[in-house]
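Presented below is the structure to which this report refers.
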Amino acid sequence: MVQPSAQWSLCCSSGLRVKAWAGAKGAAADLGAGGDFVPQRRGGAGDALQGPAGTSGSSPFSAHRVPLGPQATGVKRRTEQNGGWGCARIPASAQPLAPCDCSGPRFSLCAMGQQPSSAPSLRVPGEVAPDRDEEEASTKNSNVLATQYGFFTKGRKKGQPSLAETESEPESSPPPPAQLPTVEELKADLERGRLEAAGPLLALELELQEAAAAGLASEEELVQRQSEVEALYALLRDQVLGLLRRPLEAAPERLRQALAVLAEQERQDRAAAAAAGPPGSPGLAATRPRGWLQLWRDGVAQAAAERLSRRPAADAEGRTEAERAFLHMGRTMKEDLEAVVERLKPLSPADFSVVAAYAESYHAEFAAQLAALTQLELCPRDTYMLLLWVQNLYPNDILNSPKLSPELQGVRLGTLLPQTQIRQLEATFLSNEVASIRELTARALELESERWTKDEAPQRLDDRCHSELAIDIIQIISQGQDKAESITLDLGTQIKPLLLEELARFLRSYQRAFDDFLERCRQLRNYRANVIANINNCLPFRVSVEQRWQTRPDLQNSLLRPLNELKSHGFDTLLQSLFGDLKPLFKRFTQTRWDAPQQTLEEIISTVAERMPEFSELQDCFREELLEAVHLHLVKEYITHLCKRRLVLKTAEQQQQLAGLVQANAQDIQQFCTQSGSRATWLHHALPTLAEIIRLQDPSAIKIEVATYAALYPDFSKGHLSAILAIKGNLSSSDAKSIRSILDINTGAHEPSKALFSLIKVG
């Protein structure tokens, strides 16, 4: 029989003895000062279990490796009777590891469900080590890990009672003795990544606690044996956490095993914490709670930091470094969390909250990366991208994505940055955007003005003179609005008045630049074409103001006023030569004393018709407006010269003849202008009503016609009426005065939107 000793020896086939342990004091000195056991973490599985080659006492395991398994030599072990390390049965305290229903929400070690194909056999202490053939036969006949510990199987056969059921039944005959693997065998299994060894290791730990509680071993020997168990646990811990650290690289079955071990360790920690009395057993250091679940969570946080902090490679799309970092972190977080939901969550216990653990770790790392970025001086582009991720892409495209949103219900992650910092960044964004828009619009106008002065012909689009200036400006303003709204709708509301102010500023500058061009560049060959192109520019500006921005009427009018001025000045320029050609023709009305008004009017209409093709490159709406201006000019000039004729007609027949000529001329003007495209229907009554006033002889009837006329044209004054009444030589001064007094009565008419008589000077 082997004598109790604090040292073990491993026998290799050559008979060489190597010291595996330096004794209880040496192990205690290595693992904790003062002889107390303090678990130490090593750099890896090998570091946790092996010391430097050629040394002794630096690790619970010898630096010289000895083959284990069927080819290994025997190991002399102690029995419970002589205070040693062997066992003849599984201690009662190991019963919580009895098989359980794997389909339930709580995971136990039975969920691992794999059995070692060749577990080494154990020998009762005191036996002589069998030769190799006998050992191989013994190995084939007994699969210790599979048969002795039912918690590695996926269940039990039908009708087979569980350990808990057996314990409750009256014991008719003692069960066959169960044997635990040796420390070396467990070490070899763990080094090969066989997590099935977790069950025997737990049983070994519980047996040690029973031995300590029963006083079956000395204090030094307990310390030594506990150091062996803790070294094995360190190796198991590294295996389990190593698998869970990179779950996407592991097979599902391996993940299931690792999670089962982690769940069982957490259960044991909780049981130890709930147990009454001081932690640990007499002669043993307290090793629980081991806190593997927290270590796993720490590992998740570390993995998140490593994944998100990787520097993304430069791409061909010209993104800034910050933009590439945002894209990398967002894409990585989304893909990783979706993989956790799909692969890891189904294998994990519900109380692990595995999705929440990963989400919180990734969120914390994402927030830390952004917080560090905000300490730098950000360019406007990066400021926008930072806000876009914080306020939109992160909460909407990641957290509220179809796959993640149901899983993150109840997980309070918060925002990536504090609200005060977000408000500061938004203020910076607004300031940057306004400055950028002002610079871009000014540059666009400068380039357009250079093309005018260089006499470059405008583009043609659908047979219309075309300029890209309006499109460029609208895009610049709209992009500012869209960028703000892409962050939040509230920020879009904040930037809108700022953008409209910049648009108004630009339109005023545009009008000034156009007026300067009209004044200084009359002799250029493409002068008229560029005037038409700029008039056409007013259309997209007007549509944008009226439809996209939908501002208050007063603000809309302030935006449209520069455009209306630009268009009006452009019309005046285009029509200047035409109206100059018509001026001598209208003078004939007075020079000929209206003897041949029909012939004169035909010449006027013919002249206008010949010049109409010059305006064909205007947009249809502006061509109609220009024809309305021509229509107004013809009516205005006709009334002007009618008021200026110094002919007094004393008979009713003469007055009726003149009224008929005016009526016929009015019909010709209206017909020509309407057929040409004028929509100035408000001018249709201007000449016919004056002809009726000239024709009527009854003062009361004239008063009614004047009142109606004043309602149609509120700018019709007493001076204009007096000039018309002067033609009626048979009208007494008292009747003329009475008729003029009608204009003193408020007809209730509103101020006209368009002027006619205010453009006609009389007297």
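Observations, loosely collected:
- Options A691, A726: the member that is of a type in the set (G, A, S) and farther than 24 Å from Q671 by Cα: A726
- Selection over the stretch 524-541 of residues that are part of a helix (DSSP H, G or I) and closer than 14 Å to E617 by Cβ gives a count of 12.
- Residues being under 39 Å from the mean Cα position of the chain (by Cα), in a loop (DSSP other than H, G, I, E, B) and surrounded by fewer than 19 Cβ atoms within 10 Å (Cβ to Cβ) - total across the stretch 445-475: 1
- Restricting the search to helices (runs of 4 or more DSSP H) fully inside the stretch 311-430 and requiring at least 2 residues that are in contact (Cβ under 8 Å) with a residue 60 or more places away in the chain and either farther than 30 Å from A258 by Cβ or in contact with a Lys or Arg (Cβ under 7 Å, 6 or more places away or on another chain) (or both) gives 321-339, 380-388.
- Test for A301: is it over 21 Å from the mean Cα position of the chain (by Cα), within 30 Å of L388 (Cβ to Cβ) and open to solvent by 30 Å² or more (accessible area, probe 1.4 Å): yes
- The number of residues in the stretch 711-743 that are open to solvent by less than 30 Å² (accessible area, probe 1.4 Å) and within 19 Å of V662 (Cα to Cα) comes to 9.
- Breaking point among (1) open to solvent by 70 Å² or more (accessible area, probe 1.4 Å); (2) in contact with a Ser or Thr (Cβ under 9 Å, 6 or more places away or on another chain), for E501: (2)
- Residue satisfying condition, being closer than 30 Å to E264 by Cβ, over 18 Å from the mean Cα position of the chain (by Cα) and at pLDDT 90 or above, within set A350, A356, A372: A356
- Residue list for the stretch 477-491, restricted to those being open to solvent by less than 10 Å² (accessible area, probe 1.4 Å) and either aromatic (F, W, Y) or more than 16 Å from S544 (Cβ to Cβ) (or both): A484, I487, L491
- The test for being without any contact (Cβ under 8 Å) to a residue 40 or more places away in the chain, aliphatic (A, V, I, L, M), in contact with a helix residue (DSSP H, G or I) (Cβ under 9 Å, 6 or more places away or on another chain) and not in a loop (DSSP other than H, G, I, E, B) holds for L721.
- Failed condition for E306, given (1) assigned to a loop (DSSP other than H, G, I, E, B); (2) under 23 Å from W389 (Cα atoms); (3) open to solvent by 60 Å² or more (accessible area, probe 1.4 Å): (1)
- For the stretch 225-246, filtered to residues that are under 41 Å from the mean Cα position of the chain (by Cα) and open to solvent by less than 10 Å² (accessible area, probe 1.4 Å), the residue that is nearest to D336 (Cα to Cα) is L244.
- Any hit, the stretch 695-705, residues being in contact (Cβ under 8 Å) with a residue 40 or more places away in the chain and within 30 Å of P613 (Cβ to Cβ): no
- Number of the condition not met by G291 [criteria: (1) open to solvent by less than 50 Å² (accessible area, probe 1.4 Å); (2) in contact (Cβ under 8 Å) with a residue 60 or more places away in the chain; (3) more than 20 Å from V341 (Cβ to Cβ)]: (2)
- Among (1) under 60 Å from the mean Cα position of the chain (by Cα); (2) of a type in the set (S, T, N, Q); (3) closer than 24 Å to I727 by Cβ, the one test that S616 misses: (3)
- Taken together, the residues in the stretch 671-691 that are open to solvent by 10 Å² or more (accessible area, probe 1.4 Å) and either over 60 Å from the mean Cα position of the chain (by Cα) or without any contact (Cβ under 8 Å) to a residue 24 or more places away in the chain (or both) amount to 8.
- Checked against the criterion of being more than 30 Å from Q224 (Cα to Cα), over 25 Å from the mean Cα position of the chain (by Cα), surrounded by 16 or more Cβ atoms within 10 Å (Cβ to Cβ) and modelled with pLDDT of 90 or more, the stretch 313-328 contains not a single residue that satisfies it.
- Selection from the stretch 351-376 of residues that are surrounded by 18 or more Cβ atoms within 10 Å (Cβ to Cβ), farther than 13 Å from V390 by Cβ and not aromatic (F, W, Y): V354, V355, A357, A359, E360, S361, E365
- Single condition A273 does not satisfy, out of (1) crowded, with 18+ Cβ neighbours inside 10 Å; (2) over 17 Å from S348 (Cβ atoms): (1)
- Qualifying residue in the stretch 495-512 (condition: over 30 Å from T383 (Cα atoms) and without any contact (Cβ under 8 Å) to a residue 24 or more places away in the chain): yes
The values are calculated or read from the model by the stated rules, or taken from the named source; none is laboratory data. What you see is a predicted model, and the numbers here were worked out from it, not measured in a lab. Ideal geometry is used to build each Cβ from the backbone, glycine not excepted, and the neighbour counts take in all protein chains shown. Side chains are part of the model used for accessible areas, which takes the heavy atoms of the whole protein and leaves out ligands, DNA and RNA. Shrake-Rupley method; radii C 1.70, N 1.55, O 1.52, S 1.80 Å.
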